Each structure stands twice: as C-alpha cells, then as structure tokens.
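Visitor: What follows is a single structure, and I will ask about it in a moment.
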There are 2 protein chains.
Amino acid sequence: MRIPSGGRPVEEVDEFDLIDSIQRSIMLHKSTRLSLGIGDDAAVWTPRPGRQIVLTTDTLIEEVDFRVPWIEYRDLGHKALAVNLSDIAAMGATPRLVLVSLGLRGNERDREVIEFYQGMNGLARQFRTVIAGGDISDSPHGMVISITAIGEGPPKGLPLLTRSAAQVGDVIAVTGALGLAAGGLRTYLYDLRNLDGRPVMREHFDRPTPRVREARVLLRSGVRAAIDLSDGLYGDLPKICAASNLSALVDATKIPVPSSIRWVFTDWFDLAVRGGEDYELLFTASPAVFRRACQAFRRLGMPEPIAIGTMQEPGADGPEHKLRKQNGQVEVVEPGGFVHFGPKR
Amino acid sequence: MRIPSGGRPVEEVDEFDLIDSIQRSIMLHKSTRLSLGIGDDAAVWTPRPGRQIVLTTDTLIEEVDFRVPWIEYRDLGHKALAVNLSDIAAMGATPRLVLVSLGLRGNERDREVIEFYQGMNGLARQFRTVIAGGDISDSPHGMVISITAIGEGPPKGLPLLTRSAAQVGDVIAVTGALGLAAGGLRTYLYDLRNLDGRPVMREHFDRPTPRVREARVLLRSGVRAAIDLSDGLYGDLPKICAASNLSALVDATKIPVPSSIRWVFTDWFDLAVRGGEDYELLFTASPAVFRRACQAFRRLGMPEPIAIGTMQEPGADGPEHKLRKQNGQVEVVEPGGFVHFGPKR
C-alpha cells in the first residue's frame, strides 16, 4: 500500500503556483539551444543547422496504461518519458527536448505532481534532454499524460533507423532480454510477493531504459532497420516485415528470456513474445554489420545484442512471421501483441 | 440533435485498418521537407537551416474542453488544431507540422474519427501544415485530443513575439472582436435558438481561425510582444504584464464587442473580457509601430487591429491590470479568465 504523501490536493492549489513549483523543480537543467522554455505561448529551440528532426508523441491514460496505486508518481514520470525517448532511439536519433501535456484529476497532491516531474526530469537529464514546455489541464476521469519528444538525427541525406530498411538475409536481433516488464506487470496483477526476481521485473516495468545509446552505436555500425519493442516481439516484428515487405523466421530457442521469468511463469514464452513494454530495440542487419555492431558493443562495455532469426523473401501471400520451434518444426505466427481496439487476439 | 453518422464503432475496427483509413484521408497533402510521416516510430523533418523552431502542445479533454453532442467531429478536429496553431501564431512563427495523439472511448464510429482528421486536415492545408504523425489509444472515460504543433520562426538572433517584450507607452491592441466565442458557448449551454447572431457566434466557438497571417504581419511591422486570447482578455493580459513587469490600462469603451453580443447578453462585457476562446491576438507596440502595423493590415485588405489601452510603469506592488470605465473612473481588475484549478474566480 502506498502511503499518501503530503501536500495539498492540486484542485486547491492555484494553477500558476503549481506551474511555478514545477518550473523551479526542473529548471536546474538548461540547454543553450533552447532560447525560450516554459512560460510563453510556445518553446523556442534552434537545432543544429541541416539536421533531421525526429518527432514522436505518446499518451498514457490512467487505468489503461498505468494504475496509480501500483506506480509511484516519480516512476510514472520516468516511464511516461521513457516510452517516448524509446521511439526517438528507435530512429537512431538523439533526444533533445520534450513537451509534456498533463491532465489531472484534481485530487493528486501538489507534491505528487512535483515528484512526477522530478521523475521525468531525472531521466531527461540522463539523456541531456530538456523539458521545454507543455500544459496542465483538468481531467476529472483520470490522469492523462501526453508527451512529445523531439530528437536530432544526422544531417539530411544520411540514414536513420527505419522499419522499412530490412533486407533478405539480415540477422534479426534484440538489444536485451524479453519478458521482464511483462513479469513485472504480473507481480502487480496477482500481487506476487517473495519472488526473487520481483525487484528486477518491477524495475523493468516501472522504469524502462530507453536504448538511446545502443541505437546510436547500431546506426554508426551500419544498422538501418529497427523498431522499439513496446508491443512485444510478436506485435512489433510484423511491423518491420510489413514495412520492408519481407518475411521473418525467428528461432524460438534463441529468444533471450531470463531464468527468473522461466522459473516463475509457466507461460514465460508468451510473456517474452507478446508481453510488451520491454523497450529493447529489435533490429535487422546483414551478418557482417551485425558482427561489427557486436564488436562495437563489446568495445564500449555494453551487453551485446542477441541474434534471434533471419529475414527472408516474403511468402506467396506477402510477409510472414514464422517461428522455428524447439523440435525444429516451423510454424506461422499469428501476429499480435498489445492491441488497443479491434477483436482481442 | 446530431444524427448518428454511419460506419462501425472503432472498438470493432482493427486499429491498423483505422490508421490506414486516416492516413489515406489525409495523405493528399505532403511536404517536401517531411521525409517520413505516419507509419514509423517517429516522423522525420528537416527545417530550414538555422531557423528557430517553435513548439507547443495543448490537450482537449471531453466534458472539460468540448462536448461531443454539441460539436461535429469535423469541427472538433478543426478546433483542436486551431488552438495549437494559435499558439504558434502568437510567437510570430509559421506552423509546419503537427503530431496528434488521440484517446478514443471506443464507441465513436470509424467515420466520425475520419471526419475528425478531415476537419483537422482542412485547417492544416489552409496553413500549409502537415499532420506528420501521432498515436491512437484507448480512453474509456472520454475522448482526449493532444496535439503538438511545430513551427518555423526567423533565423536565430532575429526576434519573435513574446509575452515579455512589452514596453512602457506601448499601445495595447487586439486583432479582432471579443466575446463571439463565449456567445457561441452560451447558445449551446442554454440551447438558444432563433438568434440572428447565432451562426456567427457558433462559427467562432466551433471553428476559430488562428491568426497566423496577422501575427506575421505584426512581426514584420516591428511588433515584439503578443499572446493569443485563449483565456480571455482578463486572463491573458495579466500574463503580458507579469512577463514584462509592467501595468496595463485598458479603456472599457474601446474593447471591440460586436453588437450581436451586446444586444443579446446583459453581461456582454464579461463575455468579452473573461469568456475566452476568441483566439484573437493581443499585442503591444509603440504608437509608431502600431500605426505601421495598421497600414500594413490595410494594404493587405485585412481588418485593422484595434487599440484598447496603454502599457504603463508597474505599480508599487508590481504589475497591475487597470480598467478605465465608461464614467472615466479607473479600477484595478482582478485577473482571471478560464482557470483549470484553484479557487474559481
């Protein structure tokens, strides 16, 4: 049970006082290229001349994407920003600034709102990103967090990481283990205690790390196709297949699933491939580029990416996502990770 | 009463089919500087080298900022975009692209969602702005529309319009009449029919025009201080006063209130100064610059801005917002337009 923190409900706090407190709590960190931040009609920023600008937005809605009794406001701020920075990373770009649009119930404590911004700012600083503006509005039916992240890529003409750049014969790889975040969600859903792996699972679920650094190493090593794993392998790999018009063959035995997940959950394989929210990068690269990327990761002391399959010519009916099972049999996978609307799969 | 439109509830529609339909309905309009739009992890855009980039975000929440039985989806799309383009205009910048994050109840018809995007796209095209990306999520308690608009300003070093640039002796002026949008809201609130001015009031409330062109003429004429009137004159003028650390004296008789509002509402003055949502520009300029701006508007066949007061040295207790009433008496105005939280004023 979370102990209610101090402070006053924001509905009793003057809106401008609240914005002032937020501003003070995150003003420590400034960017020289940001000439106007919070406090005018809009933020003003001058990117490096000729750079490609990468823009993404993602909204988290209470009771759909998060539950306040489960997550601390500080972690919520971290996570809301992380999922957006992850999209910037998946393009191979460097996050520079974010705008935060926050809808509040009104019964949040002012201290909690400040903690939310502090959690966000902690992650922002880690990636030298600035909270440049946003707005706060009234959202009586539940918190709404909408973040837009803006990043800088290489100059125009130079490649970024896209979903459509996979080639036949490419290695399919991921930057880290899958299933920990889904395991973390399980510990909340079923109130699982006394689990050795619980802190790690919850850390992955509550405070995912956007793979910004990894993405840049991949791009520099010659990788061109990537996506971040927000909807799970089975949700996101089909997007690379569709955008590149290729099939994918994944080797079930090579999917990296931590033993903490295998030991605890009988459906650990499903958690790993459909659970989502891992925010690792899924990428494809020629075997030579993949080797070069692995070397670069080793040199930098970063955990090496893990090969899990191969890109192939599309089938007669178009791109297919296939799985080679432990017994050697190959089956076509029904796509599907987390889906917002439509018949649940 | 709005007649329910055809189509299927979006909760029965495949998310990717819906996104495809949206994409098709707005793909007609492209920008050469947008190298990657909807369909990857993020949009990629290359601004003109050295330009200042202006960024703003605003969220509209159902039952707080709009009511679906009152507004057509097409108009809702228009309005949601207009309030964001208005913030870009208030900086003197030119809108270039927008990201749209949409939370849906699930019982909206697919046709209605398409209409929403079409309404948005109609306004976007008018200002050569591109819908470059976004996301759709599940928001069971009501629609949430979060838009981020990105504009280009002049090269770094050249001025924009800010709240803090007002000077003692500046004329305070607005680009158009006040109170029509608040009148439009009244016609919905009290179901007023058979009112001559109703169509115009509703047009201003449902489909405000962001003053993008006006802002650029003001900036070119030498104006430096501006804000857009979203919270009403009494809500927004104090922001210029605070940011510029000056007082403002407004002449009540000079505030432009259309006769359609004066005739119908006994509290027409309050509607004009506190009603909000007019999205006219409020700006200040030296008398010489103001004359130059008026000439420029005349030359371009645009309705001239209207002077309503003067910027003055701050009072002993700091910036004050004062009103000279019809009888010549000057009183200090309690600030306040629309406020999200805090004691209602």
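The values are calculated or read from the model by the stated rules, or taken from the named source; none is laboratory data. These figures come from a predicted structure and were not determined experimentally. Glycine also receives a Cβ, built like all others from the backbone with ideal geometry; neighbour counts cover every protein chain displayed.
Visitor: If you go through the range A:190-198 one residue at a time, do you hit one that is under 15 Å from A:W263 (Cα atoms), assigned to a helix (DSSP H, G or I) and either more than 17 Å from the chain's Cα centre (by Cα) or at pLDDT below 95 (or both)?
Guide: Taking every residue of the range A:190-198 in turn, at least one turns out to be under 15 Å from A:W263 (Cα atoms), assigned to a helix (DSSP H, G or I) and either more than 17 Å from the chain's Cα centre (by Cα) or at pLDDT below 95 (or both).
Visitor: Among the residues of the range B:143-176 satisfying the criterion of being buried (at least 24 other Cβ atoms within 10 Å of the Cβ) and among the hydroxyl-bearing types (S, T, Y), which is farthest from the other protein chains (Cβ to nearest Cβ)?
Guide: Within the range B:143-176, the match that is farthest from the other protein chains (Cβ to nearest Cβ) is B:T175.
Visitor: Strands (runs of 3 or more DSSP E) wholly in the range B:25-98 with at least 1 residues that are at pLDDT 90 or above and not aliphatic (A, V, I, L, M) - which ones?
Guide: Hits in the range B:25-98: B:43-45, B:51-61.
Visitor: What's the number of the condition B:H78 fails, among (1) surrounded by fewer than 20 Cβ atoms within 10 Å (Cβ to Cβ); (2) away from chain A (no Cβ under 12 Å)?
Guide: The single condition B:H78 does not satisfy is (1).
Visitor: Any chance you could count how many residues in the range B:118-137 are touching a strand residue (DSSP E or B) at 6+ places or on another chain (Cβ under 7 Å) and either more than 30 Å from B:G222 (Cα to Cα) or hydroxyl-bearing (S, T, Y) (or both)?
Guide: The total comes to 10.
Visitor: Please specify each residue of the range B:104-150 satisfying the condition of being over 23 Å from B:G6 (Cβ atoms) and part of a helix (DSSP H, G or I).
Guide: B:L123, B:A124, B:R125, B:Q126
Visitor: Do we find that B:L178 is in a loop (DSSP other than H, G, I, E, B) and of a type outside the set (D, E) in this structure?
Guide: So B:L178 fits the description; yes.
Visitor: If we keep just the residues of the range A:40-75 that are closer than 17 Å to A:L123 by Cβ and touching a Lys or Arg at 6+ places or on another chain (Cβ under 8 Å), which is farthest from the other protein chains (Cβ to nearest Cβ)?
Guide: A:E72
Visitor: Could you tell me which of the residues A:P305, A:P238 is in contact with a Ser or Thr (Cβ under 6 Å, 6 or more places away or on another chain) and crowded, with 17+ Cβ neighbours inside 10 Å?
Guide: A:P305
Visitor: Residues that are modelled with pLDDT under 95, assigned to a strand (DSSP E or B) and not basic (K, R): does the range B:332-341 have at least one?
Guide: Taking every residue of the range B:332-341 in turn, at least one turns out to be modelled with pLDDT under 95, assigned to a strand (DSSP E or B) and not basic (K, R).
Visitor: While we're here: Can you work out which of the residues in the range A:242-286 that are assigned to a loop (DSSP other than H, G, I, E, B) and free of Cβ contacts under 8 Å to residues at least 24 places away in the same chain is nearest to A:P314 (Cα to Cα)?
Guide: Taking the candidates together, the pick is A:D267.
Visitor: If you go through the range B:131-142 one residue at a time, do you hit one that is more than 7 Å from every other protein chain (Cβ to nearest Cβ), without any contact (Cβ under 8 Å) to a residue 60 or more places away in the chain and buried (at least 19 other Cβ atoms within 10 Å of the Cβ)?
Guide: No: the range B:131-142 contains no residue that is more than 7 Å from every other protein chain (Cβ to nearest Cβ), without any contact (Cβ under 8 Å) to a residue 60 or more places away in the chain and buried (at least 19 other Cβ atoms within 10 Å of the Cβ).
Visitor: Of A:V223, A:V289, A:V217, which residue is part of a loop (DSSP other than H, G, I, E, B) and β-branched (V, I, T)?
Guide: A:V223
Visitor: Here are A:F205, A:F127: which of them is within 27 Å of A:A296 (Cα to Cα) and in contact (Cβ under 8 Å) with a residue 40 or more places away in the chain?
Guide: Matching residue, one of A:F205, A:F127: A:F127.
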